Amino acid sequence: MARLDDLKRSPLFRNVPEDAVREALGVVVERTFGPGERVVEQDAEGEALHLITAGVVRVSRVSLGNRERVLGDIYAPGVVGETAVLAGQERSASVTALGEVRTLMLHRAHFEVILRRHPGVLWNLAEMLARRVTLLNDELIAFGQNTEAALGHVFSNLYRQRLAAGVPQPEVLPLSPSDIMLRTSSSRETVTRVLRRLEAQKVLEVRPQTVTLLDPSALEATLIEEAD
């Protein structure tokens with residue numbers, strides 16, 4: 001029953017008929033990944049998607065010139081790898097387990113059958129992709145402004161993800177200065193300068209491996225003022 005409950009919690013199978021969930025239950029494969037293990041690898045064939053049932057993963061992409069950028073974290077319950085499966089393309093990014101991660105792997109052939117038979121799953125998929133497009137648009141706007149706006153987007157989005165996932169102390173973000181550099185494509189000097197200013201304003205507290213939001217509700221407003 002644990003797998004059935006995991007499927008029902010997944011964004012893909014939420015509020016769909018029981019027969020759709022049970023059909024998926026018969027074909028998914030349970031996988032476990034340790035810290036640092038790849039769930040999917042950039043440029044590999046996209047033969048299956050993963051429903052994350054426990055843990056958190058980090059999505060990153062290496063672009064031309066071997067420059068890596070962290071695109072974000074995804075907490076359980078979440079989905080990774082669906083874009084390559086839908087498009088029949090190679091993986092556009094790598095997904096790495098940050099701790100112990102459990103997934104239910106669903107192969108393309110089975111996924112296609114489920115989508116054809118159960119429109120509710122297709123609707124959930126469309127809704128999930130639409131939210132990602134909206135988030136990407138917000139990110140492009142923020143990153144096109146300056147470092148303050150980019151940091152505001154990264155911190156606020158990660159806080160909301162942790163809050164939705166029920167993570168203890170969601171305001172304590174597992175981000176080091178190096179992590180922030182990889183997420184915002186900013187220099188260490190710029191990141192350090194902005195963090196120090198925000199810390200002096202009592203907006204956040206910086207430790208070597210964490211950033212604690214002292215007032216999450218005021219974060220975006222403060223950073224917008226800084227950007228202006």
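A quick yes/no check of all residues on (1) surrounded by 15 or more Cβ atoms within 10 Å (Cβ to Cβ); (2) farther than 20 Å from Pro216 by Cβ; (3) out of contact with any helix residue (DSSP H, G or I) (no Cβ under 8 Å at 6 or more places or on another chain):
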site: Thr103; (1), (2), (3): yes, yes, yes
site: Leu106; (1), (2), (3): yes, yes, no
site: Leu125; (1), (2), (3): yes, yes, no
site: Leu158; (1), (2), (3): yes, no, yes
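Scanning region 154-202 for residues that are of a type in the set (Val, Ile, Thr) and in a loop (DSSP other than H, G, I, E, B) turns up just one, Val167. Residues that are more than 22 Å from Ser176 (Cα to Cα), crowded, with 17+ Cβ neighbours inside 10 Å and without any contact (Cβ under 8 Å) to a residue 40 or more places away in the chain do occur in region 85-93. Checking Ala150, Ala200, Ala130 one by one, the residue that is among the hydrophobic types (A, V, I, L, M, F, W, C), free of Cβ contacts under 8 Å to residues at least 40 places away in the same chain and in the same structural domain as Ala54 (by TED's automatic domain parsing) is Ala130 and no other. Given the condition more than 16 Å from Val70 (Cβ to Cβ), touching a helix residue (DSSP H, G or I) at 6+ places or on another chain (Cβ under 7 Å), modelled with pLDDT of 90 or more and not in a helix (DSSP H, G or I), answer yes or no: does some residue in region 131-145 qualify? The answer is no, given that none of the residues of region 131-145 is more than 16 Å from Val70 (Cβ to Cβ), touching a helix residue (DSSP H, G or I) at 6+ places or on another chain (Cβ under 7 Å), modelled with pLDDT of 90 or more and not in a helix (DSSP H, G or I).
On the basis of being modelled with pLDDT under 95 and surrounded by 13 or more Cβ atoms within 10 Å (Cβ to Cβ), does Thr190 make the cut? Here the answer is yes, as Thr190 does meet what is asked.
Against the conditions (1) in contact with a helix residue (DSSP H, G or I) (Cβ under 8 Å, 6 or more places away or on another chain); (2) assigned to a helix (DSSP H, G or I); (3) loosely packed, with under 15 Cβ neighbours inside 10 Å, Asp19 satisfies every one except (1).
The values are calculated or read from the model by the stated rules, or taken from the named source; none is laboratory data. Note that the structure is predicted; figures quoted are calculated from it, not measured. No Cβ is skipped: glycine too gets one built from the backbone with ideal geometry, and neighbour counts run over all protein chains shown.
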